[in-house]
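The structure appears right after this line, and notes come after that.
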Amino acid sequence: MLKAVRQAHEHQDTPPITALIPQARREQGLTQRELADLLCEISQNDSVTREEVSRWERGKRIPGPYWRAWISAALDVPHAEVDRAAVIERECRRAKTEDHSH
């Protein structure tokens, strides 16, 4: 693991959102598709798919504030923790980019 990423983890008790979503999803006994279906149902917005959940978990995308609120509700994780996990993921990405530019 890159030094800057490791440092970001050491200062946080919240994992990056790429770890938080699959961990909380599994604790709820949900597949990616079931989580996507649940998010569509509770948000009344059918724009999220299993593929999008996969992108969030693989770090290809970070869910925006709208979906973070619904993820919090669906996975029974405090909203502040989901938001913090997104910030940590952004910091990890930034650290990786900075390490590659040197």
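For every other residue with a beta carbon closer than 12 angstrom to the beta carbon of ILE71, add +1 if it is Lys or Arg and -1 if Asp or Glu, then tell me the sum.
-3
In a shell of Cβ-Cβ distance under 15 Å around LEU30, excluding LEU30 itself, what net charge do Lys and Arg (+1) and Asp and Glu (-1) give?
Within the 15 Å Cβ shell, the charges total -3.
Looking at (1) 8.2; (2) 6.4; (3) 9.6, which value of mean projected area of the Cα convex hull in nm² comes from a calculation on the structure shown?
Label of the calculated value: (2).
Under a Cβ-Cβ cut-off of 15 Å, what is the net charge of the residues other than LYS60 that fall near it, where Lys and Arg count +1 and Asp and Glu count -1?
+3
Residue by residue through segment 26-37, which ³J(HN,Hα) values in whole Hz follow from phi under the Karplus form 6.51 cos²θ - 1.76 cosθ + 1.60 (θ = phi - 60°), with glycine and proline marked x?
5, 4, 7, x, 10, 7, 4, 5, 5, 5, 4, 4
For n ≥ 4 DSSP H runs only, could you compute -39500 (n - 2.57) per run for the chain, divide by its residues and tell me the 222 nm figure to the nearest 500?
After summing the helix terms and dividing by residue count, I get -22500 deg cm²/dmol.
Per residue, how much accessible area does the chain have with a 1.4 Å probe, in Å²?
60 Å²
Carbon-plus-sulfur fraction of the accessible area of segment 11-90, 1.4 Å probe, in percent?
Exposed carbon and sulfur together represent 45 percent of the surface.
Evaluate the relative contact order of the chain (contact order divided by residue number), counting alpha-carbon pairs under 8 angstrom at least 6 apart; express in whole percent.
Relative CO of the chain lands at 38 percent.
The values are calculated or read from the model by the stated rules, or taken from the named source; none is laboratory data. Just so it is clear, the model here is predicted, and its values are computed rather than measured. No Cβ is skipped: glycine too gets one built from the backbone with ideal geometry, and neighbour counts run over all protein chains shown. These area figures cover heavy atoms from the full protein model, side chains too; ligands, DNA and RNA do not enter into them. Shrake-Rupley method; radii C 1.70, N 1.55, O 1.52, S 1.80 Å.
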